[in-house]
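Computed from the coordinates by the stated procedures, all read-outs in this text should not be read as laboratory data. Since this is a predicted model, take the numbers as computed values, not measurements. Cβ sites come from the backbone with ideal geometry, for glycine too, and all protein chains shown count toward neighbours.
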DNA sequence: TATGAATGAGATTTCATTCAT
DNA sequence: AATGAATGAAATCTCATTCAT
């Protein structure tokens with residue numbers, strides 16, 4: 001990569017990182033383009049070379065962060081439980097994501113309820129962090145390991161992600177209806193129940 | 001209520017209604033106090049006689065609309081299925097809410113993912129529409145009819161509401177992963193599974 | 001007029017006057033809304049209560065100033081030469097305008113070549129300075145005094161105004177092809193010739 | 001011309017042509033250096049290798065376009081009416097220019113009222129399109145053919161050009177006070193009258 | 001010569017809030 | 001209680017110009 005190209009990527013990354021910090025610290029509305037540019041150490045006009053406006057940079061951040069989150073969970077699964085079956089793998093990923101969000105509340109607050117199925121799909125389509133993999137590939141890999149078959153697996157995963165994102169947010173951020181540690185057994189059990197509901201009789 | 005009092009309530013309602021319309025049409029950020037006052041046919045200064053700022057009026061709207069939504073579902077249950085058991089009643093309410101949101105997409109877009117357990121709780125605390133009832137009363141009434149007992153019923157309802165709100169939003173607004181009509185059987189089935197997971201063995 | 005109304009007119013006038021000063025001193029491009037507001041002693045936002053943008057205030061100024069210029073010439077004619085015939089009156093007005101522009105070069109530079117027939121027409125339509133008179137009324141009055149009849153008098157006046165505005169500008173501002181004093185005899189003579197060319201044979 | 005020289009001229013021409021298009025399409029103020037460079041297919045910095053700023057390129061365009069306009073009229077006169085007398089030649093040129101402006105309204109809108117005596121003079125001084133001729137040469141040639149003599153011919157031509165430019169603009173662009181077709185007889189007649197007013201008694 | 005990323009001053013515009021009437 | 005003119009801080013965004021490559 002040429003020096004110029006390198007420098008460009010550097011500036012863009014700096015804008016993204018500092019925007020994320022500000023969004024999580026002050027919120028989207030209270031963060032101004034000026035804030036972002038200043039913190040990133042670039043001129044205000046430079047921001048507009050890379051992003052259309054505040055919402056543009058936010059969307060790219062959501063895509064990046066969502067993809068990274070899911071990707072980390074999957075990578076960990078491969079490392080820690082390379083032999084896990086499908087159901088076990090799915091529960092491992094759900095648990096991993098919940099734990100990470102619990103430890104990284106600012107990330108959760110930022111992703112808010114955009115942490116959803118469609119966000120994941122979009123994130124895998126747009127994210128530059130993962131180049132040669134798509135959500136479909138991830139899921140297919142998970143399925144390939146499974147001898148059990150499921151009715152409409154995509155819908156199943158959708159429901160699980162929505163439930164994790166939504167219930168996790170409420171529990172972690174507001175402690176409603178109870179802290180995550182208390183909620184988790186019921187939440188995981190419910191996920192288990194949902195999976196069971198989608199299981200097809202063995203062929 | 002005196003004529004003056006009446007007039008005041010009239011202005012406040014007009015502000016609330018027109019704010020709701022604008023929020024759903026243009027979004028919160030793009031709606032200004034001026035817009036709201038103008039559409040409501042009052043002067044800008046008048047807005048501040050009734051609400052603190054834009055976020056104040058939004059919160060009151062969320063509370064009102066959420067409470068109305070849940071209240072209508074419950075009222076309908078009492079009318080249509082006065083003898084429904086607990087589980088049946090819960091499923092009826094879930095279905096009712098989903099249908100109403102599907103038919104009233106602007107309401108759904110406004111409530112967004114604020115359609116959650118905590119919002120319901122808050123809405124019942126703050127809402128002026130329902131004066132002498134609380135969420136607890138509603139739920140207790142539902143439970144009283146039931147002979148079956150549940151482990152941690154509040155968490156159960158929480159999970160169901162989160163799932164409905166989150167999955168319903170994605171499906172109705174974005175058609176992701178599929179339209180509501182297609183999703184509903186799986187969604188209702190999953191709710192059923194969650195309920196089952198919380199059921200205690202008959203005493 | 002109420003105190004508020006009075007104050008409003010005051011602010012608007014102040015904006016108009018100070019904008020005119022700045023436009024003539026620094027030119028349209030170099031004058032900013034901030035400049036105008038500051039010089040007028042009002043807040044920047046106040047500018048936008050009265051004018052859409054810089055071009056809006058400029059157009060109103062052109063209309064006002066054009067109308068005032070023509071109006072002063074006509075008033076002077078009535079005072080100085082109440083018995084002048086049509087041709088004499090027209091030449092008097094032409095001469096009067098030329099002299100005023102020559103003495104008020106900033107006005108001329110501002111009106112530039114917008115000092116034209118259509119500007120006059122517009123100015124009489126829009127200008128608030130002259131309330132109950134229109135260009136047509138002025139011209140009709142001039143004509144009424146005349147026993148001579150003209151082919152297409154409106155076109156005649158149009159050509160004369162265009163010639164005065166255009167040639168006058170060049171001569172006064174650039175001294176091209178010669179200063180006004182030198183040009184005037186030929187210019188007035190040419191106007192005279194144009195008038196003669198429009199004269200109809202006596203009925 | 002070397003290949004490099006050729007390439008340079010090519011870039012300069014491209015900048016000029018595309019600037020002209022943009023000026024006529026969007027106006028001077030709304031056209032940016034970026035726009036021009038982009039449309040011309042060169043980098044922004046390259047613009048500054050050829051022109052000082054936006055006003056520099058505009059002035060060169062006015063000079064070029066004015067000179068071309070007048071030149072075409074004269075060339076046509078030589079071809080179509082090689083034996084025309086002075087008065088006839090002048091009227092022919094006036095008519096030719098009016099027709100061309102009428103057919104090429106964007107050119108007229110661009111030249112606006114810069115279509116004037118001084119612009120013509122400047123254009124002949126600066127224009128690169130006509131290398132070995134000057135306005136004076138043109139006019140002298142016209143005059144040489146004439147046996148009639150005129151008082152102050154330069155002023156005469158000045159007045160005619162101003163009248164054509166100013167009245168033509170109003171008529172062609174705004175249709176004020178009437179379309180060119182309607183205006184032309186009166187306009188040409190007035191020019192004729194002006195010429196007559198400058199004619200000296202035959203020696 | 002040519003490029004185009006970077007600059008950053010500054011222009012335009014918005015809008016929540018106040019306060020005199 | 002109601003008004004709406006006025007404010008002015010602050011936000012967004014532009015763009016001519018420079019300069020390292």
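Using a 10 Å cut-off on Cβ to Cβ distances, tally the other chain neighbours for every residue of A:166-179 and report the average as a whole number.
Average per residue, whole number: 5.
Could you tell me the calculated FRET efficiency between residue A:10 and residue C:103, based on Cβ-Cβ distance and R0 = 60 angstrom, to the nearest 0.05?
Values: r = 63 Å, r/R0 = 1.04.
After rounding to 0.05, the efficiency reads 0.45.
Suppose you put the label 7 Å out from Cα in the Cβ direction; list, shortest first and in nm with one decimal, how far residue C:106 is from each other copy's label.
Between copies, matching label points for residue C:106 lie 3.9, 5.4, 5.6 nm apart.
Copy-to-copy spacing for residue A:25, label 7 Å out on the Cα-to-C-beta vector, in nm, shortest first?
Distances to the matching label points in the other copies: 3.9, 4.2, 4.4 nm.
To the nearest whole number, what is the average tally of beta carbon atoms from other chains within 10 Å of the beta carbons of peptide A:151-160?
5
Would you work out the relative contact order for the range A:1-90, in percent, from Cα pairs under 8 angstrom that are 6 or more residues apart?
Here the relative contact order equals 23 percent.
Can you put D:42, D:4 in order, fewest other beta carbons within 10 Å first?
Sorted ascending by nearby Cβ count, the order is D:4, D:42.
Taking the rotation axis that maps chain B onto chain C, which residue of B brings its Cβ closest to that axis, and at what distance in whole Å?
Nearest-to-axis residue on chain B, with distance in whole Å, is B:45, 4.
Between copies, how far apart are the residue C:52 label points? List them in nm, one decimal, shortest first, with each point 7 Å from Cα toward Cβ, please?
Shortest to longest, the spacings are 2.7, 3.4, 4.0 nm.
Using 1/(1 + (r/R0)^6) with R0 = 56 angstrom and r between the beta carbons of residue B:189 and residue A:17, what's the FRET efficiency to the nearest 0.05?
Values: r = 43 Å, r/R0 = 0.77.
Here the calculated transfer efficiency is 0.85.
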